[in-house]
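The values are calculated or read from the model by the stated rules, or taken from the named source; none is laboratory data. Everything numeric here is computed off the predicted structure, so don't read it as measured data. When we count neighbours, we look across all protein chains shown, and the Cβ atoms used for this are built from the backbone with ideal geometry, even at glycine.
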Amino acid sequence: MQQLLFGVLTLFSFGFFAFNLRKISQNIHLGQALDRSDNKAERWRTMLLVALGQKKMFSRPIPALLHLALYSAFVITQIELIEILVDGLSGSHRFFQDSLGAFYTFMISFIELLSVLAFFGTLAFLARRNMLKLPRLNMKELAGWPTQDANLILIMEIVLIACIFTMNGADEAALQLKSKSGNGFLISSIVGPLFFGSIQDLHTLHLLEQIGWWGHIIMVYTFMNYLPYSKHLHIFMAFPNTYYSKLEPKGQFTNMQSVTNEVKLMLDPNADPYAAAPTDAAPARFGAKDVTDLTWKNLMDAYSCTECGRCTSACPANTTGKLLSPRKIMMDTRDRMVELGDFKRKNGPDAEDGKSLLGSYITEEELWACTSCNACVQECPVNIDPLSIIIDLRRFLVMEESKVPTELTGMLTNIENNGAPWQFAATERLNWANED
Amino acid sequence: MSLQVRTMADMMASGETPEILFWVGCAGSFDDRAKKITKALVKILNHCKVNFAVLGSEESCTGDPAKRAGNEFTFQMQALMNIELLNGYEVKKIVTACPHCFNTLKNEYPGLGGTYEVIHHTQLIQDLINTGKLTLADNGTFKGKKITFHDPCYLGRANDVYEAPRALIEKLDAALVEMKRCKTNGLCCGAGGAQMFKEAEKGNKEINIERTEDALETKAGIIATGCPFCNTMMTDGVKHFEKEEDIKVLDIAELIANAADL
């Protein structure tokens, strides 16, 4: 009966997770094509260093160490999950214990040790958010759901760890009660007798172990299915997202091919201005107004963001009180993508909901505050590029809507008229050579 | 000694080819403060007998501020015209004292048909010193002085050039003191992304003031830069704090020209 229940629960959890992953994939594919299939070796290297190795986290050592505790506990605990699956489906108890012997004791002890570190790490993270009120974790774009989301994840992690120790601790206490010698796992051999040593009833201890076991696996499945609705999805997205990182120098912006075609036509004296434009060259619009105008990588970036706010805390515009926050750009992009994805799944792929990323979510004032300094790109621990979204939205404003701050209109006119952002004639370019 | 500057057109007419093109840039050509940087660099080039040329009246904006402002049309018009000119002169190597020109020429022109070896002037000067073509006079100009270096975003983060300017400051026999935000963490001066040409958006502080505070904290007597726009922003910042008597904002080229008694 228990095995059947476990099987159904497992099937349902993975099924629902797969269903949501498909939605995520569909949403990412709302974006425009972009070729990132080059340089496989460097891409793997970037992923190993930045995602697996957490290289960029360590620019801030304290949160990096706390995060490392949670991260390594999470990764290593997946090994124990294999046993939980086997035990759950077959009805066995600690399936690998006998065959692995001392190695099993070592592995579980290791997992227990990391879980304790993760427990304290989680408490520290909760304190940083809610008691120390770290500025970057308490900005206005996090009001409401994002703050609840962050706390909920941390609380789920605490429950998860509590379940592990209820399971292992009660098991330990039961064994000691039966035969005076327990599993001998590093932490549960201490906390087991401590918390459950007073219980002299085997039945109660088994029940407690069962509660821990079921609680743990239910939390794991809940957590897994919560991820697609949460910023915490970064635990998966960090890997593909760093693999598909921009490998060019940060200062290099894309050259828009659609513009090249038109400009070449304008500069070519032999071009026939009445000739039909090649059909494949004309884009729907220049620049980006909505998420469908961004690339799939921009959208993957949005799903990878865990709202840590390092970008925003390094942004010169934000730190001097301007409206721009690179984190908000990413959150807006994700929220709009999810909204539009849901709308299109409901109303058909060509349906329009009359909203757009630019306007409904992001304002012009935010976009014009950017200095394109790349601090946000540099800071992001999972190589998100908010700057390319900002520039694509600016391109739409300027090229499609002619919405340019007045002073910039002058600068642009000067470049077009006299080849410099100021009103100087080209003939004066060499004057400095003869001045004192 | 007057500056020896020849144009590409002039050299071409007499059948000569320069080793390197000096891309002066709009700021270096027209801005009174930046022109001094241009002249300092030319003094160094002249002193080291570098066979260089400029484009003179044929030079035109790289298109950087247009591109960052979102006007890809204006950028590509400029880029394609410049590339036609540069390719016509068979330019192979370019040096520039402006990180914005540097970034655009180096990274964004190749995709449009203009591939050149592009270096920042601090890299060229470093090379001149390393190969023994330039020696700094032992005149003690900067001995014991504290110098801090402000990383231009388009040189540092954008193109990972952090060491060349610092290596040059260290050659000055001065003490290089870093700001709390430096290198990859360097704070922007506020001019990039076409902000130079517009008022800042509404906020509670100007970015260059925030950055000047970083520099003042170091107690350095000289703020060194490698970008004409950073120079303007930092100079304005120093003026804001009425410190222009105590703190000079100088380009690396000016520091080196000074130390080499040029």
With criteria (1) over 21 Å from the mean Cα position of the chain (by Cα); (2) within 24 Å of A:H234 (Cα to Cα), A:W296 comes up short on (1)
For segment A:21-34, check the following and say yes or no: at least one residue is farther than 30 Å from A:K289 by Cα and either outside the structural domain of A:A150 (by TED's automatic domain parsing) or in a helix (DSSP H, G or I) (or both). no
Would you mention how many residues in segment B:44-56 are farther than 20 Å from A:E428 by Cβ, among the aliphatic types (A, V, I, L, M) and either in contact with a Leu (Cβ under 7 Å, 6 or more places away or on another chain) or not in a helix (DSSP H, G or I) (or both)? 2
Here the residues within segment A:34-73 that are among the polar types (S, T, N, Q) and surrounded by fewer than 13 Cβ atoms within 10 Å (Cβ to Cβ) are A:S37, A:N39
Sort out which residues of segment A:406-417 are surrounded by fewer than 19 Cβ atoms within 10 Å (Cβ to Cβ), in contact with a Lys or Arg (Cβ under 9 Å, 6 or more places away or on another chain) and within 7 Å of chain B (Cβ to nearest Cβ), and write them in order of number. A:E407
Determine whether segment A:19-33 contains at least one residue that is away from chain B (no Cβ under 14 Å), touching a strand residue (DSSP E or B) at 6+ places or on another chain (Cβ under 8 Å) and loosely packed, with under 13 Cβ neighbours inside 10 Å. yes
Somewhere in segment B:70-79, is a residue in a loop (DSSP other than H, G, I, E, B) and more than 7 Å from chain A (Cβ to nearest Cβ)? no
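Yes or no, residue by residue, for (1) closer than 30 Å to A:V377 by Cβ; (2) more than 9 Å from every other protein chain (Cβ to nearest Cβ):
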| site | (1), (2) |
| --- | --- |
| B:L55 | no, no |
| B:S60 | yes, no |
| B:N130 | no, yes |
| B:K133 | no, yes |
| B:A158 | yes, no |
Among the listed residues A:L100, A:L126, A:L85, A:L134, identify the single one that is aliphatic (A, V, I, L, M), at pLDDT 95 or above and either surrounded by fewer than 17 Cβ atoms within 10 Å (Cβ to Cβ) or not assigned by TED's automatic domain parsing to the domain that holds A:L323 (or both). A:L126
Could you check how many residues of segment A:351-392 are away from chain B (no Cβ under 14 Å) and either under 15 Å from B:C153 (Cβ atoms) or assigned to a helix (DSSP H, G or I) (or both)? 4
Test A:L227 against the criterion of being in contact with a helix residue (DSSP H, G or I) (Cβ under 8 Å, 6 or more places away or on another chain), part of a helix (DSSP H, G or I) and of a type in the set (A, V, I, L, M), and give yes or no. yes
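To keep it simple, each residue is scored yes or no on (1) within 22 Å of B:A97 (Cα to Cα); (2) touching a Lys or Arg at 6+ places or on another chain (Cβ under 9 Å).
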| site | (1), (2) |
| --- | --- |
| B:C188 | yes, yes |
| B:E217 | no, yes |
| B:C227 | yes, no |
| B:M234 | yes, yes |
| B:F241 | no, no |
| B:K248 | yes, no |
Quick count over segment B:1-21, residues being under 19 Å from the mean Cα position of the chain (by Cα) and more than 11 Å from chain A (Cβ to nearest Cβ), is 2
Scanning segment A:230-252 for residues that are hydrophobic (A, V, I, L, M, F, W, C) and either in a helix (DSSP H, G or I) or closer than 18 Å to A:F16 by Cβ (or both) gives A:L233, A:I235, A:F236, A:M237, A:A238, A:F239
Collect the residues in segment A:222-254 that are surrounded by 19 or more Cβ atoms within 10 Å (Cβ to Cβ), over 30 Å from A:L152 (Cα atoms) and not basic (K, R), keeping them in residue-number order. A:G251, A:F253
Please pick out the residue among A:F424, A:F396 that is aromatic (F, W, Y), farther than 21 Å from A:N27 by Cα and either more than 7 Å from every other protein chain (Cβ to nearest Cβ) or touching a Leu at 6+ places or on another chain (Cβ under 7 Å) (or both). A:F396
Can you spot a residue in segment B:101-113 that is part of a loop (DSSP other than H, G, I, E, B), under 30 Å from A:T413 (Cβ atoms) and at the interface with chain A (Cβ under 8 Å from one of its Cβ atoms)? no
Looking at (1) touching a His at 6+ places or on another chain (Cβ under 8 Å); (2) part of a strand (DSSP E or B), which is the only condition B:L41 fails? (2)
Residues being surrounded by 21 or more Cβ atoms within 10 Å (Cβ to Cβ), within 14 Å of chain A (Cβ to nearest Cβ) and either without any contact (Cβ under 8 Å) to a residue 60 or more places away in the chain or farther than 21 Å from B:K106 by Cβ (or both): count how many of those fall in segment B:162-193. 7
If we only count helices (runs of 4 or more DSSP H) wholly inside segment A:91-209, which ones have 1 or more residues that are closer than 30 Å to A:C308 by Cα, of a type outside the set (S, T, Y) and touching a Ser or Thr at 6+ places or on another chain (Cβ under 8 Å)? A:102-130, A:145-179
